[in-house]
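Please read the structure below before turning to the comments.
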Amino acid sequence: MGVVSEKKVGSKPFELLLDQASIAKRVSELGKEITADYRGKHPVLLGVLKGCIIFLADLMRAINLSAELELVSASSYRKGKKQETDVLLASAVSIPLKDRHILIVEGVVDSGRTVSALSKELKKMEPASIEVVTLIDKPASHRRKLQIRYKGFTLRNDFVIGYGLDNTQKYRNLPFIGRMVDE
C-alpha cells in the first residue's frame, strides 16, 4: 500500500489506506472477473446497505452483463465503532430468487455475521448459487468460517471509513478508504 499519510477529515485524523486510483483499478478487475464467471447468466447483485452503495454503483458499471439489482438493509454497527451482538435485517427481497445466481455485495466483511445471516435467509429462497463480493475483507475479524469469492482488498482489523463506509453515518462520501486514528 505504499507510504501511509496522516490527514484530517473534518476535525478527526485518519490514515490513508487505499487511494481512489487503487480502488478504481481493483473494482474494474472485479467487474471483469465477474463478467467472465457469469457469462451467459443473469445474476442478481444484492447490495447490503448502506456501506456497499458506492462500491456497488462502481461495480455494476464494471460488469458487462445483464444483471438485476436488489438492496437489503442489514446492520451490526449502530452506534459507531462498537459492533452490536445481533444483526438487523430490515428489508425483504422483492424479486423471486429461486434458481437465480446471487452476488451479495458488501462494502466490508468484518465479523462475517451479516453475510452469514443473509446467506442463511437467502438459501431458503432456493437460489442456484450465492457468492460474496466485498471491497474490503478483514479476515482477522471473522467470527465464522466464510467463503468470499470476490475480494477487493484484504486489510487488518481496523475501523475504516470512506467510499461508502461510515462512522456514525459520517465520512461515506470520501473517495478513498482511511483508518480512523485515535487522538
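Provide the net charge surrounding Ile136, with neighbours chosen by a C-beta distance below 12 Å and charges set as Lys +1, Arg +1, Asp -1, Glu -1.
Working: positive: Arg26, Lys138, Lys151, Arg156, Arg179; negative: Glu106, Asp110, Asp137, Asp158.
Result for the local shell: +1.
Fully extending the segment from Leu49 to Gln147 would add 33.3 nm, taking 0.36 nm per residue of separation and subtracting the current Cα-Cα distance. Measuring nothing but how far apart in sequence close Cα pairs (under 8 Å, 6+ apart) lie, relative to its length, region 104-176 scores a relative contact order of 29 percent.
Cross-link check: pairs Lys120/Lys151; Lys50/Lys138; Lys124/Lys145; Lys123/Lys151; Lys12/Lys145; Lys12/Lys50 evaluated at a Cα-Cα cut-off of 24 Å; pairs beyond the cut-off: Lys12/Lys145. Packing here is the average count of other Cβ atoms within 10 Å per residue, and on that basis the peptides 157-165, 117-125, 139-147, highest first, run 157-165, 117-125, 139-147. Other residues whose C-beta falls under 13 angstrom from the C-beta of Gly47 contribute a net charge of -3, scoring Lys and Arg +1 and Asp and Glu -1. Approximating the spin labels as points 7 Å out from Cα along Cα→Cβ, the Ser22-to-Arg39 distance works out to 3.1 nm. The order of Ile102, Ile177, Ile148, going from fewest to most other C-beta atoms within 10 Å of their C-beta, is Ile148, Ile102, Ile177.
All other residues whose Cβ lies under 9 angstrom from that of Leu155 are scored, Lys and Arg at +1 and Asp and Glu at -1, for a net of +1. Determine the distance separating the Cα centre of region 100-148 from the Cα centre of region 11-30; give it in Å without decimals. A separation of 22 Å, based on Cα centres.
Every number in this text was worked out from the coordinates using simple rules, so none of it is lab data. This is a predicted model, so every value here is computed, not measured. We place every Cβ from the backbone using ideal geometry, glycine too, and count neighbours over all the protein chains shown.
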